[in-house]
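A.B. asks: The structure's right below; bear with me while I get my questions together.
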Amino acid sequence: MTDRTDTAAVNGATGAPLWLLAELTYRCPLQCAYCSNPLDFAAVQEELTTAEWTEVLRQARAMGAVQMGFSGGEPLVRHDLEELVAEARRLGFYTNLITSGLGLDEARIEALREAGLDHIQISLQAADPDVAAAVAGSPKAHAKKLTMARAVKAAGYPMVLNVVLHRHNIDRIDEIIALCDELGADAVELANCQMYGWAHLNREGLLPSRAQLEAAEATTARWRERLAERGRDMRLLFVVPDYYGERPKACMGGWGSIFMTVAPDGAVLPCHSARMLPMTFPNVRDRGLREIWYDSEPFNRYRGDAWMQEPCRSCDERHKDVGGCRCQAYLLTGDAAATDPVCSLSPNHHLIEAARREADTATRAIEALTLRNVHESRVFCRQ
Ligand code: SF4
Ligand code: FES
């Protein structure tokens, strides 16, 4: 990834996209308070048809993309999911389903297996059913997820469980990992909530304190030792929140470098959050993917390094982190070309430090989180 970032994102020689994320729908039975879908998701009505998605897959594969994720919203809401998975496999993609598990049953697991699906990732909210219900807005979802996780494992899939960590569940990480162990997970992503979309709206109620974060990392390290002693092969990936770094991540491996998202209505984005940026993204209903990727203004805007401002422009590390995340820069400063404030060299780094201080003393109850919902979505609708 670093090599591609150095050559494609910074030196201007654009390579082919490697990853295609197909956000099949923004519809979802859950209402997670950290949903990464846009705040105005309800304004997106006209989802691509099966034929249009099939054409997207063909074009992406012809360009050289090899990995694809089906996500949403909840991709299982789409009744053509199996058909699209089968087409993706026929084209030669490695396919991954990113799901809440709701909408899954044994028959659908079998149908997806027949379609050739390579990999399933199920999200869990917590080990505690009450916390899970409060953050996802559904009292029944947790039990259903556990049942489906067991069914996925029984069907022979390598199972990755994804748990978004935040200040209301991170102190129970010991129980979370124990639950994943009991479910037979092959890998667990302990992904601290990143502050985009609905999570940014709820930041004060979600960002853990540094003390919480350090305790959780220590617990994860102890679990790794215990698992190794038992000879249990369950990989634990602990993803630190951006807000506790001193340098930003090279988001998406660089803007328009290796990653392409197609939104439910056909908008093509360099990342799943870019929709809230003040720019208009091209749509597969109007233009081909190849033209969009190589020639469209939005995809070229933050390639290379000519767009960078100081301190990135003259920084030795600019080829490593490409100035961080454009979405985070915009959310925090109102300028998508600014240095990501996560960087301690950014003149706006004080915004991150203030958020950390706020997290040390925050008392907001889990019930005060704004759950993803259509009413709020209309409030934030741009149209
Ligand atoms: Fe990266 Fe910019 Fe910070 Fe340098 S100033 S480390 S390029 S974000
Ligand atoms: Fe959009 Fe980082 S999430 S560029």
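Derivation of every value follows stated rules applied to the coordinates shown; laboratory data play no part. Predicted, not measured: the structure shown is a model, and the values here were computed from it. Ideal geometry is used to build each Cβ from the backbone, glycine not excepted, and the neighbour counts take in all protein chains shown.
A.B. asks: Would you list, by chain and number, the lysines whose Cα falls below 19 Å from the Cα of LYS153, excluding same-chain residues fewer than 8 positions away?
C.D. replies: Leaving aside lysines fewer than 8 places away in the same chain, those within reach of LYS153 are LYS144, LYS145.
A.B. asks: While we're here: If amide H atoms are built 1.01 Å from N in the plane of the peptide, which residues on other chains or at least 5 residues away come under 5 Å of the amide H of MET159?
C.D. replies: ASP186, ALA187
A.B. asks: Please check: in the Gaussian network model of the chain (C-alpha springs, under 10 Å), which one of PRO29, PRO278, PRO264 has the largest mean-square fluctuation.
C.D. replies: PRO278
A.B. asks: Starting from 0.36 nm per residue, how many nanometres of slack lie between LEU237 and ASP186 once their C-alpha separation is accounted for?
C.D. replies: Length gained, LEU237 through ASP186: 17.2 nm.
A.B. asks: For segment 329-340, what does the Karplus curve 6.51 cos²θ - 1.76 cosθ + 1.60, with θ = phi - 60°, yield as ³J(HN,Hα) per residue in whole Hz, taken in order and with x for Gly and Pro?
C.D. replies: Running phi through 6.51 cos²θ - 1.76 cosθ + 1.60 with θ = phi - 60° gives 4, 5, 4, 8, 10, x, 10, 5, 9, 6, 4, 4 Hz.
A.B. asks: Cut-off 10 angstrom, C-alpha nodes, Gaussian network model of the chain. Which of ASP171, ASP295, ASP105 fluctuates the most?
C.D. replies: Highest fluctuation of the listed residues: ASP295.
A.B. asks: How big is the charge dipole of segment 252-383 about its Cα centre, in debye rounded to the nearest 20, if each Lys and Arg gets +1 on its Cβ and each Asp and Glu gets -1 on its Cβ? Let's see the in-between values first.
C.D. replies: Numbers: 16 positive and 17 negative charges, 73 e Å.
I would put it at about 360 debye.
A.B. asks: Moving on to the next point. Out of residues 5 or more away from THR25 or on other chains, whose amide H comes under 5 Å of its own, with H placed 1.01 Å from N in the peptide plane?
C.D. replies: Hits under the 5 Å cutoff: none.
A.B. asks: While we're here: For segment 254-266, in order, what is each residue's ³J(HN,Hα) by Karplus, 6.51 cos²θ - 1.76 cosθ + 1.60 with θ = phi - 60°, in whole Hz (x at glycine and Pro)?
C.D. replies: 3J(HN,Hα) across segment 254-266, in whole Hz: x, 4, x, 9, 9, 10, 9, 10, 10, 7, x, 9, x.
A.B. asks: In debye to the nearest 20, how big a dipole does the chain give about its Cα centre with +1 on each Lys and Arg Cβ and -1 on each Asp and Glu Cβ?
C.D. replies: The dipole of the chain has a size of about 60 debye.
A.B. asks: Something else about it: Does a label point 7 Å from the Cα of ALA368, set along Cα-to-beta-carbon, have any residues of segment 167-195 with amide nitrogen under 19 Å, and which are they?
C.D. replies: 167-171
A.B. asks: Go through ALA136, MET195, VAL160 and say which Cα lies farthest out towards the positive end of the charge dipole of segment 130-203; charges sit on Cβ, +1 for Lys and Arg, -1 for Asp and Glu.
C.D. replies: Comparing the listed Cα positions along the dipole, ALA136 ranks first.
A.B. asks: Lys/Arg Cβ at +1, Asp/Glu Cβ at -1, dipole of segment 259-383 taken about the Cα centre: which of ALA338, VAL262, HIS349 is farthest positive-ward?
C.D. replies: Ranked along the dipole, the leading option is VAL262.
A.B. asks: Just subtract the alpha-carbon distance of ALA107 and LYS140 from 0.36 nm times their residue separation and send over the number in nm, one decimal.
C.D. replies: Gain on extension, ALA107 to LYS140, equals 9.8 nm.
A.B. asks: Considering amide H positions built from the backbone, and no H for Pro or chain starts, which residues 5 or more places from THR261, or on another chain, come under 5 Å of its amide H?
C.D. replies: Residues meeting the amide H criterion: LEU21, LEU269, CYS271.
A.B. asks: Evaluate the distance, in nm, between pseudo-label points positioned 7 Å from the Cα of VAL66 and of GLU229 along their respective Cα→Cβ axes.
C.D. replies: Calculated label separation equals 4.0 nm.
A.B. asks: Let me ask something additional. How large is ³J(HN,Hα), in whole Hz, for each residue of segment 283-291 in order, when computed from phi with the Karplus curve 6.51 cos²θ - 1.76 cosθ + 1.60 and θ = phi - 60°, using x for Gly and Pro?
C.D. replies: 10, 5, 6, 10, 9, x, 4, 4, 5
A.B. asks: Let me ask something else. Quick one: length gained pulling ARG222 to GLU114 fully straight, 0.36 nm per residue minus the C-alpha distance?
C.D. replies: So the extension gain works out to 35.0 nm.
A.B. asks: If I build a Gaussian network model for the chain, linking alpha-carbon pairs within less than 10 angstrom, which residue out of HIS168, HIS119, HIS350 has the largest mean-square fluctuation?
C.D. replies: HIS350
A.B. asks: Still on this structure, I have one more. So for segment 154-282: antiparallel DSSP bridges make up what percent, rounded to the nearest 5?
C.D. replies: 15
A.B. asks: Run the simple label-point estimate for ASP171 and SER314 please: 7 Å along Cα→C-beta, distance reported in nm.
C.D. replies: Placing both labels 7 Å along Cα→Cβ, they lie 4.7 nm apart.
A.B. asks: Here is a follow-up. Would you work out the charge dipole size for segment 17-96 about its Cα centre, treating the Cβ of every Lys and Arg as +1 and the Cβ of every Asp and Glu as -1, and quote it to the nearest 20 debye?
C.D. replies: 320
A.B. asks: Which FRET efficiency, nearest 0.05, do ASP286 and ALA306 yield, Cβ-Cβ r, R0 25 Å?
C.D. replies: Details: r = 27 Å, r/R0 = 1.09.
Efficiency, rounded to the nearest 0.05: 0.40.
A.B. asks: Give me the Å³ per residue figure for the convex hull around the C-alpha atoms of the chain.
C.D. replies: Convex hull of Cα atoms, per residue: 135 Å³.
A.B. asks: Distance in nm between label sites at ARG247 and GLU204, each 7 Å beyond Cα in the beta-carbon direction?
C.D. replies: Spacing of the two 7 Å Cα→Cβ label points: 3.4 nm.
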